[in-house]
Amino acid sequence: MNIDPRLHDWTPEFAAWRQDFHAHPEIAYQEHRTAALVAERLASFGIAVTTGVGGTGVVGTLRGGRSSAGGNRAIALRADMDALPMDEANDLPYKSQNPGRMHACGHDGHTTMLLAAARYLAATRDFAGTIHFIFQPAEEGGAGALRMIEDGLLERFPFDAVFGAHNDPTLPVGAISASTGTVHGATDDIVIRLTGRGGHAARPHATIDPIVAGAQIVLGLQSIVSRRVDPLESTVVSICTFHAGSATNVIPESATLSGTVRNLTPANQVRLAREIPELIRHLARAAGVEAAVDYQTGYPPVVNDGAMAGVVARAAGAVVGAANVHTTLPPTLGGEDFAYYALQRPGCFFRIGQADGEKGAMPLHHPRYDFNDAILPVGAAVFASIAASELPG
């Protein structure tokens with residue numbers, strides 16, 4: 001790979017940073033320790049630091065050392081800082097020290113990669129224009145990107161393009177994915193509360209059974225995917241919890257179901273938010289139960305700008321070789337609030353392969369997941385290459 005030797009030399013230090021973040025995970029809007037360390041390190045590199053953006057967000061601003069005839073173009077490079085509310089099953093020297101908290105999605109690595117890129121770019125300043133390093137809270141369901149935007153991110157730190165990265169355990173070390181168009185799906189949540197009439201299990205005719213009604217709703221919702229959505233457009237409706245009852249001989253009064261709805265287009269996101277609650281109410285009425293439906297529209301799809309995806313593909317190719325850059329991989333229905341930045345400015349969200357045999361191949365959100373420190377210099381080098389491409393002198 002074409003990586004500056006300094007990044008290789010600094011990698012043991014970067015790995016120590018990453019493992020420290022891993023050992024001290026913090027969930028959405030509680031990233032106080034993480035944010036403080038990020039701000040401290042950015043300042044030590046000579047980068048201007050602003051804290052408290054959107055809650056616990058941190059922005060570092062770096063001016064280039066070269067002049068530009070094309071004006072003061074600015075770009076943003078983004079990483080997420082939050083962990084997940086889950087327990088870690090790894091037996092590592094740097095295992096999570098916070099019960100019920102774990103970096104199971106690699107945000108500890110994303111934060112470190114961007115810090116590594118910031119250190120390198122601050123040392124070289126071989127670019128013209130401005131780089132804003134965005135360290136964001138609450139990607140895992142808390143819409144930290146939107147919170148930072150609502151706190152004036154675009155006005156306080158104006159930029160012309162935005163780039164972010166995520167590790168990918170399904171790709172090998174050295175592979176980069178930078179695709180045009182939709183790369184992550186929309187993520188909506190649904191909670192269904194059913195109220196019937198409870199009674200003795202031996203006398204079901206004297207009750208209105210919310211469990212049977214709920215089962216019919218679970219099955220009926222699958223017709224949304226099979227009969228209401230174009231089969232060429234990926235959609236998932238998953239009911240993931242079903243809570244009802246407390247005894248084997250009692251039909252309960254109520255039941256609560258919850259789940260997620262995923263799709264790849266804004267139009268389908270709007271349509272499903274209308275049609276799913278309508279279908280649930282019809283099915284509930286047919287079963288004789290009352291239904292309260294709480295449908296929460298979540299993250300929109302992440303749509304990469306074609307020109308910016310091309311920038312990343314070329315910049316990554318300069319680091320890992322063009323043959324290792326994938327530009328046509330299919331999207332995932334996993335959500336990403338990078339979508340909010342991409343709605344405001346041309347952007348590209350790319351993936352960095354981290355699988356090396358069994359190492360780094362554990363799925364995201366698994367209790368034994370761990371970020372592969374070997375890709376820290378790779379991610380930093382790609383970010384630096386993007387900066388050089390977008391901000392030439």
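At a glance:
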quantity: Per-region count, segment 1-32, residues buried (at least 16 other Cβ atoms within 10 Å of the Cβ) and part of a helix (DSSP H, G or I); calculated: 11
quantity: Conditions (1) more than 20 Å from the chain's Cα centre (by Cα); (2) farther than 16 Å from residue 387 by Cβ; (3) part of a strand (DSSP E or B): number failed by residue 60; calculated: (2)
quantity: Verdict on residue 168 being under 28 Å from residue 353 (Cβ atoms) and either part of a helix (DSSP H, G or I) or among the acidic types (Asp, Glu) (or both); calculated: yes
quantity: Scan of segment 205-244 for residues that are within 31 Å of the chain's Cα centre (by Cα) and in contact (Cβ under 8 Å) with a residue 60 or more places away in the chain, ordered by number; calculated: 217, 220, 234, 236
quantity: Filtered residues of segment 245-280 (kept if under 14 Å from residue 191 (Cβ atoms) and of a type outside the set (Val, Ile, Thr)); calculated: 254, 255, 257, 258, 259, 273, 277
quantity: Scope segment 349-390; condition acidic (Asp, Glu) and either under 19 Å from residue 315 (Cβ atoms) or assigned to a helix (DSSP H, G or I) (or both); matching residues; calculated: 373, 390
quantity: Which numbered condition residue 316 misses (of (1) small (Gly, Ala, Ser); (2) in contact with a Lys or Arg (Cβ under 8 Å, 6 or more places away or on another chain); (3) under 16 Å from residue 351 (Cβ atoms)); calculated: (2)
quantity: Residues of segment 19-75 classified as among the aliphatic types (A, V, I, L, M), under 24 Å from residue 160 (Cβ atoms) and in contact with a Leu (Cβ under 9 Å, 6 or more places away or on another chain), total; calculated: 11
quantity: Strands (runs of 3 or more DSSP E) wholly inside segment 175-274 that include at least 1 residues being of a type in the set (Lys, Arg) and open to solvent by 50 Å² or more (accessible area, probe 1.4 Å); calculated: 186-195, 254-263
quantity: Residue identified as assigned to a helix (DSSP H, G or I), in contact (Cβ under 8 Å) with a residue 40 or more places away in the chain and either touching a helix residue (DSSP H, G or I) at 6+ places or on another chain (Cβ under 7 Å) or loosely packed, with under 15 Cβ neighbours inside 10 Å (or both) among 284, 313, 309, 291; calculated: 284
quantity: In segment 33-44, the residues that are closer than 26 Å to residue 367 by Cβ and either modelled with pLDDT under 95 or surrounded by 21 or more Cβ atoms within 10 Å (Cβ to Cβ) (or both); calculated: 34, 35, 38
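The values are calculated or read from the model by the stated rules, or taken from the named source; none is laboratory data. The structure presented is a predicted model; accordingly, all values stated were derived computationally and were not measured. Neighbour counts are summed over all protein chains in view; Cβ atoms, including those assigned to glycine, are modelled from backbone coordinates with ideal geometry. Please note that ligands, DNA and RNA were not included when accessible areas were found on the heavy atoms of the full protein model with its side chains. Shrake-Rupley method; radii C 1.70, N 1.55, O 1.52, S 1.80 Å.
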